[in-house]
Amino acid sequence: MDKKNIFFRQVTQLICSSLDIEVALFRCLSYLGKNLPADEIFIALYEQGLSSIKIVARATKDSCKLLNVLVPVSGKARSLLENSELKKVKIINRSKLDAIARTIKPICDGFEYSALVLPLKIEKKLLGVLFVSANGKDRYAEEDADMISRLADPFAIAVSNALRHQEVTRLKNMLADDNRYLRQELRHLVGDEIIGEDFGLKEVLEMVRQIAILNNPVMLLGETGTGKELIANAIHYSSHRKEGPLIRVNCGAIPESLIDSEFFGHEKGAFTGAISQKKGKFERAHKGTIFLDEIGELPLNAQVRLLRVIQSKEIERVGGTKVVPVDTRIITATHRNLKKMVDKGQFREDLWFRLNVFPITIPPLRQRKNDIPALVQHFIERKSKETGTLDPPALEPGAMDRLIDYHWPGNVRELENLVERALILCRNNILRFDYFETARLDEKFFADSEMPLDSLDHAMTRHINLALKKSYGKIHGPNGAAAILKINPSTLRNRMKKFRIRFEKKK
């Protein structure tokens, strides 16, 4: 292999050695200096619409820098850059006499230098130029220009890729900033204010303050609707992981066949329908927190795999062999008695021990009645703001007493829904909670439905007697009791005999 081919291969490898263009330039300069005069190398993009060149990266023997310097181009220099004659390397041996060299003079500190100017093009469109310079006059010959000319395509492609990489990085950073902003906005929208920190939830929030700064698992216990997710938010956003993601998972809402894919992700082609790689919940929660709601609904097989993740702090995607480390804090929540489930073999004891490091029990609303006035006011203000109501309505006299007397089986969620319904039905800017009375009647109906039932024999005896009464004692025929009950007359006679029912036909 001749010298020129070796030169081309070595420089191309150095150009492609890093997506950080200034680093690639620094490595190239070190090699170029062994084959031709080279004290400095930099890349300038041609900004035609601005009649300027933009120096994006510069490397000297001592340093490399990523720049963003816009330099106005004179009319003569612009015509040289745009002229079709600039198809190959331009040799500049007297910088003070050249229009292009004078344009970039501020970048070169004003000393006399020689330069090779290599046009960089993508699909015949001028992208910019590569400058290789050496101190002093008359440093370059045609042989040097021929060597540099071989690098036009590799440098053009490398610059194009580096610029795209910079743009992707910029957009990624913008997206991260937007996500942080949206997370903050979402916290305000869903309500990150915890009502009751001075009364019913005082002890709970004290425990939150103690555990938030640590990495230990937390288990939130409490009835449905008590605000377990809000407490999980408080733990995450009070921790050093608050800049990381908070990933929420409802364990009871995932089909058993999809749990592995949802938790750990999958590789492309792992199963039918896996058309691309997918990150699982644990991988997405890396450097943040994962909130496993309704952990008691997790099947036993999935519990084994969850235990392994907690122990090893790593996962494998479905269909993959690569081990992916995950740094994730686990917060779980349940309204079920996991200890009883462990005793019945419905929940793994070793997993329960792992998760139940720091349990926090959130009291139901009926045990913190002092919080109801503040909660009602909070929901009125928030729901009014959501509906665009400028003047939140006032409570009807006596309404708060009725709300406090109620035992709230649905807890805070039920109260929130009740306030929302009352706002929808609100007239004359007075909140009356008329729907509340209907809800209590419905509750009475369901309470009555839970009364002890008659035995089946007694119920059948009573039903047959009613049918016989309606048919005037007639058993078979079009209007007979058997037809009314939609059974065979013989079957009816057998049941009458069994239950000792005697009924004479009335004429």
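Values in this text are rule-based calculations from the coordinates and carry no lab data. Every value quoted in this text rests on a predicted model; they were computed, and no experiment measured them. Every residue, glycine as well, gets a Cβ built from its backbone with ideal geometry; the counts of neighbours run over all protein chains shown.
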Practice task
Would you mind ranking Leu418, Leu66 so that the residue whose beta carbon has the fewest other beta carbons within 10 Å leads the list?
Solution key: Leu66, Leu418
Fill in the blank from the handout: Here the FRET efficiency for Thr321 versus Lys54, based on Cβ atoms and R0 = 56 Å and rounded to 0.05, is 0.75
Exercise for the section: Compute the long axis of helix 489-498 from its Cα atoms, compare it with the longest principal axis of the Cα atoms of the chain, and write down the angle in degrees, 0 to 90, nearest 10. Expected result: 70 degrees
Exercise for the section: Using the Karplus curve 6.51 cos²θ - 1.76 cosθ + 1.60 with θ = phi - 60°, work out ³J(HN,Hα) for each residue of the range 405-414 in order, rounded to whole Hz, and write x for Gly and Pro. Expected result: 6, 6, 9, 6, x, x, 6, 5, 5, 5
Practice task
With +1 on each Lys and Arg Cβ and -1 on each Asp and Glu Cβ, and nothing else charged, work out how big the dipole of the chain is about its Cα centre, in Debye to the nearest 20.
Solution key: 2240 debye
Practice task
Of the DSSP beta bridges with both residues in the chain, give the percent that are antiparallel, rounding to the nearest 5.
Solution key: 65 percent
Practice task
Please give the helix 202-212 orientation as an angle from the longest Cα principal axis of the chain, in degrees from 0 to 90, rounded to the nearest 10.
Solution key: 30 degrees
Practice task
Report the full-extension gain for the segment Asp457 to Asn250: residue separation times 0.36 nm, less the Cα-Cα distance, to one decimal in nm.
Solution key: 70.1 nm
Exercise for the section: Compare the Cα positions of Gln303, Tyr472, Thr461 along the charge dipole of the chain (+1 at Cβ of Lys, Arg; -1 at Cβ of Asp, Glu; about the Cα centre) and return the one farthest towards the positive end. Expected result: Tyr472
Exercise for the section: Just add up the charged neighbours of Glu267: K/R +1, D/E -1, any other residue whose Cβ is under 13 Å from the Cβ of Glu267. Expected result: +2
Exercise for the section: Match the structure shown to one of the listed values (1) 1.26; (2) 1.00; (3) 0.95 of Rg/Rh (Cα atoms, Kirkwood Rh), computed from it, and give that label. Expected result: (1)
Completion exercise
Most exposed to least, judged by fewest other Cβ atoms within 10 Å, Val89, Val168 sort to Val168, Val89
Problem - Within-12-Å neighbourhood charge of Asn250 [Cβ basis; K, R +1; D, E -1] - result: -2
Completion exercise
Diffusion coefficient in µm²/s returned for the range 456-498 by Stokes-Einstein, Kirkwood Rh over C-alpha pairs, 20 °C and 1.002 mPa s, is 214 µm²/s
Handout entry: In degrees, nearest ten, helix 152-190 long axis to first principal axis of the chain (Cα)
Key = 30 degrees
Completion exercise
Pseudo-spin-label distance Asn370 to His165, built 7 Å along Cα→Cβ, given in nm, is 6.1 nm
Completion exercise
trypsin sites (Lys or Arg not before Pro) in the range 268-367 lying in a DSSP loop, each with at most 14 other Cβ atoms within 10 Å of its Cβ, come to Lys268, Lys287, Lys313, Lys322, Arg336, Lys344
Handout entry: Mean residue ellipticity (222 nm) of the chain, computed from DSSP H runs ≥ 4 via -39,500 (n - 2.57), nearest 500
Key = -13500 deg cm²/dmol
Handout entry: Length-normalised contact order for the chain - Cα pairs under 8 Å, 6+ apart - percent
Key = 10 percent
Completion exercise
The simple spin-label model distance between Gln311 and Asp146, using points 7 Å out along Cα→Cβ, in nm, is 6.9 nm
Exercise for the section: Set Lys and Arg Cβ to +1 and Asp and Glu Cβ to -1, take the dipole of the chain about its Cα centre, and tell me which of Leu221, Thr361, Ile484 lies farthest positive. Expected result: Ile484
Exercise for the section: Apply 1/(1 + (r/R0)^6) to the Cβ-Cβ distance of Leu67 and Glu243, taking R0 = 22 Å, and write down the FRET efficiency to the nearest 0.05. Expected result: 0.15
Practice task
Would you mind ranking Thr103, Thr361 so that the residue whose beta carbon has the fewest other beta carbons within 10 Å leads the list?
Solution key: Thr361, Thr103
Fill in the blank from the handout: Semi-axes a, b, c in Å (a largest) for the range 3-164, each sqrt of 5 times a Cα gyration tensor eigenvalue, come to 21, 18, 16
Handout entry: Inter-site label distance for Asn215 and Ser257 at 7 Å from Cα along Cβ, in nm
Key = 3.8 nm
Exercise for the section: Please name which of Cys251, Pro373, Val11 has its Cα lying farthest along the dipole of the chain towards the positive end, using unit charges on Cβ (Lys, Arg +1; Asp, Glu -1) and the Cα centre as origin. Expected result: Cys251
Exercise for the section: State, as an integer percentage, the relative contact order of the range 232-359 based on alpha-carbon contacts under 8 Å between residues 6 or more apart. Expected result: 27 percent
Problem - Nearest-0.05 FRET efficiency for Asn417 and Tyr472, computed from C-beta distance (R0 60 Å) - result: 0.70
